[in-house]
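**Q** Quick one: structure below, then a few questions.
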Amino acid sequence: MKRRSFLKKSSGLLGLSLAGGFPSISAAGRKLPAAERIRVAVIGVNGRGNNLLRTFASMKDVEIAGICDVDSRVLNRRISETKKDGRHNPAGLGDFRKAIDDKNIDAIVLGTPDHWHAIPTILACMAGKDVYTEKPDSHNVIESCTMAAAATKHKRVVQMGTQARSGPHMKEANEYIARGSLGKVRYATAWESMKQGGLGHPADGPAPKEVDYDMWLGPAPKRSFNRLRFHGNWRWFFDYGTGDVGNDGVHRIDYARWALQTGLEAQGEKLPSLPRSVSASGGKLYFDDAQEWPDTLMANFDYGNCLLTYEMRIWSPYKLHDEAEGAAVYGDKGYVILANGRWRAYRHGGALVKKSSGGSNLDQTSIHVRDFLDCMKTRKKPAADLATVGHPSSMLCHLANASWRSGRTLKFDPGTTSFKGDSKADRYLTRAEYRAPWKLPKISEL
């Protein structure tokens, strides 16, 4: 596909929002010659997207060439803030495809809501650009599979924002597990037990005049504007987000899957790329509000040779293993607790034998971004390579959601991208339709 054809294939202004912290942009030394700089366009710069913008802008070999957001208030602030660094003069892009079409831009960074991860990533891969996309990789199963196929076919460096994959403490924990310290490993679990608040039932109203709301919706169905389905809170609605399993759960599920994989490999076994069956149950058992995804969920992933489970209660303040959110992997000689900034190892009987702490989330993000940039240069796989890391972990979230919505155990067939013997559940593999003029390419079209 030629570059100029991108603007004809689909339409819209994109640049959406996430919630998160704002690290400051630090001076990164002299401005490198143009040939040594990586030119980046950041799409979606509110909340978490702003965190990514600031982190990329702090890297001495990065030039922020473009910034995009559908909220002009956010866009103008971010352009002004980024220019203050003295090394960047970003263009305010009215359409994310202009970044994809620009041969002088090397990579795009997506801080957008889940429903705006797949199309930009796929188009960027087809245009020969590398991508850093926030987690989870996409909005649904089919998008995840298509993104992984696009990254692989076009040999692109695509990093997913599960930054713990670059965290020194998490690497150290997996090195401990890799030595066979846990014995015969057969089970891992992940959890979220962090008390959150309800959303209420606010009425629909007019979209802010500074927001291009139609483009914010993109491929999602046309709906009246509601502040709960916009900045930050979009994640709790079927059309845009993946619930808390895709919001926070994907991190903890990835901790557990990584540790389980490492434990199996230490004993000469392999973790299949996908579980043979997935079952999930739960619902809105606590909050009386507008959110659609469950506030309580239990999911089981049966790999045949091992089991992984996920437990989510976003209304309770009670910790498991002294962690509000984390994961654990168990063997017959011991177990390891994995948390956001530390890990602990225990022997049979509960004796603590090793512990370590790591950096903050912001530190891990900086290392993760640095890994992505270095891999752009070496063409090696990044720490959270989409096809081999981001896709398998995200798929657990998407499959758990599909099982919960269908109300039964599901068996996914990657060869046909369908559920075995359950065509009725296939409706939860993707959205019913992509609102024109947006279209998700088929794998055969890549």
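**Q** Condition first: not charged (D, E, K, R) and not in a strand (DSSP E or B). Now tell me which residues in segment 96-112 satisfy that.
**A** 96, 99, 100, 104, 105, 111, 112
**Q** Can you find, within segment 79-96, the residue that is surrounded by the most Cβ atoms within 10 Å (Cβ to Cβ) among those that are out of contact with any Lys or Arg (no Cβ under 9 Å at 6 or more places or on another chain), among the charged types (D, E, K, R) and modelled with pLDDT of 90 or more?
**A** Top of the filtered list is 83.
**Q** When only residues in segment 276-324 that are among the hydroxyl-bearing types (Ser, Thr, Tyr) and either in a strand (DSSP E or B) or in contact with a Pro (Cβ under 6 Å, 6 or more places away or on another chain) (or both) count, which is surrounded by the most Cβ atoms within 10 Å (Cβ to Cβ)?
**A** So the residue we want is 310.
**Q** Another question about this same structure. Given the residues 154, 169, 139, which is the only one that is on the phi < 0 side of the Ramachandran plot and in contact with a Ser or Thr (Cβ under 6 Å, 6 or more places away or on another chain)?
**A** Just a single option satisfies the conditions, and that option is 169.
**Q** Another one. Within segment 325-365, work out how many residues are in a strand (DSSP E or B), within 25 Å of the chain's Cα centre (by Cα) and of a type outside the set (Ser, Thr, Tyr).
**A** Qualifying residue count, segment 325-365: 11.
**Q** Within segment 390-431, can you find the residues that are of a type in the set (A, V, I, L, M, F, W, C) and either part of a helix (DSSP H, G or I) or modelled with pLDDT under 95 (or both)?
**A** 395, 396, 397, 399, 400, 402, 404, 425
**Q** Taking the options 339, 327, 351, name whichever one is crowded, with 21+ Cβ neighbours inside 10 Å and without any contact (Cβ under 8 Å) to a residue 24 or more places away in the chain.
**A** 339
**Q** Then there's this: If a residue must be in contact with a Ser or Thr (Cβ under 7 Å, 6 or more places away or on another chain), over 16 Å from residue 106 (Cβ atoms) and part of a loop (DSSP other than H, G, I, E, B), how many such residues does segment 46-95 contain?
**A** 2
**Q** It is to be established whether one or more residues within segment 16-24 are more than 21 Å from the chain's Cα centre (by Cα), modelled with pLDDT under 95 and in a helix (DSSP H, G or I).
**A** no
**Q** Determine, yes or no, whether residue 42 is β-branched (Val, Ile, Thr), more than 20 Å from the chain's Cα centre (by Cα) and not in a loop (DSSP other than H, G, I, E, B).
**A** Spelling it out, it is not the case that residue 42 is β-branched (Val, Ile, Thr), more than 20 Å from the chain's Cα centre (by Cα) and not in a loop (DSSP other than H, G, I, E, B).
**Q** Residue 356 passes all but one of (1) surrounded by fewer than 20 Cβ atoms within 10 Å (Cβ to Cβ); (2) out of contact with any His (no Cβ under 7 Å at 6 or more places or on another chain); which number fails?
**A** Tallying (1) surrounded by fewer than 20 Cβ atoms within 10 Å (Cβ to Cβ); (2) out of contact with any His (no Cβ under 7 Å at 6 or more places or on another chain), residue 356 fails exactly one: (2).
**Q** Go through (1) assigned by TED's automatic domain parsing to the domain that holds residue 118; (2) of a type in the set (A, V, I, L, M); (3) farther than 30 Å from residue 108 by Cα for residue 160 and report which single condition fails.
**A** Against the list (1) assigned by TED's automatic domain parsing to the domain that holds residue 118; (2) of a type in the set (A, V, I, L, M); (3) farther than 30 Å from residue 108 by Cα, residue 160 comes up short only on (3).
**Q** Can you pull out every residue in segment 49-101 that is of a type in the set (Gly, Ala, Ser), in contact (Cβ under 8 Å) with a residue 40 or more places away in the chain and touching a strand residue (DSSP E or B) at 6+ places or on another chain (Cβ under 9 Å)?
**A** Matches in segment 49-101: 49, 65, 72, 94, 99.
**Q** Kindly indicate whether residue 332 is touching a helix residue (DSSP H, G or I) at 6+ places or on another chain (Cβ under 8 Å), of a type in the set (D, E, K, R) and modelled with pLDDT of 95 or more.
**A** In short, no.
**Q** Turning to a different aspect of this structure: Anything in segment 402-442 that is loosely packed, with under 15 Cβ neighbours inside 10 Å and either among the hydroxyl-bearing types (Ser, Thr, Tyr) or closer than 19 Å to residue 153 by Cβ (or both)? List them, or say none.
**A** Selection gives 414, 415, 416, 423, 439, 442.
The values are calculated or read from the model by the stated rules, or taken from the named source; none is laboratory data. The model shown is predicted, which means the values in this text are computed figures rather than measured ones. FYI the Cβ positions are ideal-geometry reconstructions off the backbone, even for glycines, and counts take in every protein chain you see.
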